[in-house]
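Just below is one structure, and these are the notes that go with it.
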C-alpha cells in the first residue's frame, strides 16, 4: 500500500477529494508530509476535483433534471428547498457553496436548473473551489504540525487511536449540528 501511495499520490488525492471532500484534502496533507506529493499539488487537485464535481452537478440540473426521474426522486425536495437560496444569491453562492454542509452538492444542481449563465457559474465555481481547497489544506497542515509538536514524545498507537476517534466523533457531531441548522433555515 505504501508503495502504491508513493507512486500514485496525486491520483489518490484527486480521487479521495472527488469522493470524500475534505477528507481527501487531509489525506493529501498526510501524503505531503510523507513526501509523496506537494502542498500546492494538493490544493491544485482539490480545486480541480471540486470544480469538476460542481460542473457535473450543474450540468445534471441543467440538462438531466426533467429527463431523469432519479434526480427528482433523490434530490427533488432538497433542490426545492435550496431554490430560495439559489434565487436570492445566484452564482456568487458558489463562493461559499462548498462550505455549506448538507446542501453543498445541491446548490450547483439548483443553479443549473435555473439556467444560470455557464461562464458566470464557472468563474464563481473555480474561485470557490480554490478557496475551499486552500482553506482545508492549510487547516489540515497547521493542525497536523501542531499535533505532531504536542505529541512528539508519544509513540503509542493507543494514544493516537484515542485522539483520532475523539476527533472523528467531535467532527461528526459538529457537521451533524450544522446540517440540522441549515436545514431548518432552508425550510
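Using semi-axes √(5λ) of the Cα gyration tensor in Å as the read-out, say which of [x] 31, 18, 14; [y] 33, 19, 14; [z] 40, 18, 16 was calculated from these coordinates. From the options [x] 31, 18, 14; [y] 33, 19, 14; [z] 40, 18, 16, the structure gives [y].
Pulled fully out, how much extra length does the chain show between residue 138 and residue 95, if you take 0.36 nm times their separation in residues and subtract their Cα-Cα distance?
Numbers: separation 43, 0.36 × 43 = 15.48 nm, distance 1.77 nm.
Answer, rounded to one decimal: 13.7 nm.
Helix 118-150 and the longest principal axis of the Cα set of the chain meet at an angle near 20°. Modelled this way, with points 7 Å down the Cα-to-C-beta line, the labels at residue 88 and residue 117 are 2.4 nm from one another.
Each stretch of four or more DSSP H residues adds -39500 (n - 2.57); spread over every residue of the chain, this sum gives -26000 deg cm²/dmol at 222 nm. Here the spin labels are modelled as points 7 Å beyond Cα on the Cα-Cβ line, and at residue 20 and residue 147 they lie 1.3 nm apart.
What is the calculated FRET efficiency for residue 172 to residue 63, with r their C-beta to C-beta distance and R₀ = 25 Å, to the nearest 0.05? Before the final figure, lay out the partial values.
Numbers: r = 35 Å, r/R0 = 1.40.
My answer for the efficiency is 0.10.
With respect to the chain, whose longest principal axis is taken over its alpha-carbon atoms, helix 9-20 is tilted by about 50°.
Express the relative contact order of the chain as a whole percentage, based on alpha carbon pairs under 8 Å and six or more residues apart in sequence.
Values: 192 pairs, mean separation 44.9, N = 187.
About 24 percent, as a whole number.
Each value in this text was obtained by applying a stated rule to the coordinates, not by laboratory testing. As the structure is a prediction and not an experimental result, all values here were calculated from the model. Note that we place each Cβ from the backbone using ideal geometry, even for glycine, and neighbour counts take in every protein chain shown.
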